[in-house]
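Report on one structure; see the data block that follows.
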Amino acid sequence: MSIKSLIRTIPDYPKKGIMFRDITTLFGDADGLREVIDAMAGEFQDQKIDVIAGIEARGFIIGPAVAMALGVGFVPIRKRGKLPAETIEIEYDLEYGSDIIEMHRDAIIPGQRVLVMDDLIATGGTALAAIDLVQKAGGDVAGCAFIIDLPDLGGRKRILERGVPVFHLVDFDGE
């Protein structure tokens, strides 16, 4: 089975010229979802990961499943204002403006090896902010993992330039 074949492409969403890669069709296929989780867990099983940090929102779907497979905990990285306890935050730039992500101050123990996960890497802005957030908490970013890489947008390269390994399952050329 091809994971890529289970990902639906929706042209001109959310705006004209964008090819949206919809992973809900992949998540709806039990065999495809299992293949994703098994591949990601297999990639990191020998890397002494202590905790997975998943980026809102689709990182919340794959992150806990991979965490269970690896026998480690899960930490949510959320948009500002969504977590109830004391948080730390990072502001980062978007194409038009900025945004803030946060996590609980006590979510990561200094020195823990953290795997950052999300569904897709495009320009890398959110993933780089998540890396900064984990490091601000004292965590050691062991790597980043994504289902999809959009290599033409350069996010993977930007993360690698920061010295953080990147793993992904499929590429889609273009935007």
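The values are calculated or read from the model by the stated rules, or taken from the named source; none is laboratory data. Predicted model only: the values in this text are computed from it and were never measured. Glycine also receives a Cβ, built like all others from the backbone with ideal geometry; neighbour counts cover every protein chain displayed.
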**Item:** Search result, residues across the range 67-82 that are touching a strand residue (DSSP E or B) at 6+ places or on another chain (Cβ under 6 Å) and among the hydrophobic types (A, V, I, L, M, F, W, C)
**Value:** Ala67, Val72, Phe74, Val75, Ile77
**Request:** Name every residue in the range 30-65 that is of a type in the set (Asp, Glu) and touching a helix residue (DSSP H, G or I) at 6+ places or on another chain (Cβ under 8 Å), in order of residue number.
**Result:** Asp38
**Complete:** Only unsatisfied item for Ala145, checking (1) surrounded by fewer than 16 Cβ atoms within 10 Å (Cβ to Cβ); (2) assigned to a strand (DSSP E or B), is (1)
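Being over 15 Å from the mean Cα position of the chain (by Cα) and either modelled with pLDDT of 95 or more or closer than 16 Å to Ala137 by Cα (or both): is that true of Phe44 here?
On the way: over 15 Å from the mean Cα position of the chain (by Cα): no; either modelled with pLDDT of 95 or more or closer than 16 Å to Ala137 by Cα (or both): yes.
Here the answer is no, as Phe44 does not meet what is asked.
How about the range 1-103: which strands (runs of 3 or more DSSP E) wholly inside it have at least 1 residues that are touching a residue at least 60 places away in the same chain (Cβ under 8 Å)?
Numbers: elements: 8-11, 19-22, 51-55, 73-79, 87-94.
Answer list for the range 1-103: 8-11, 19-22, 51-55.
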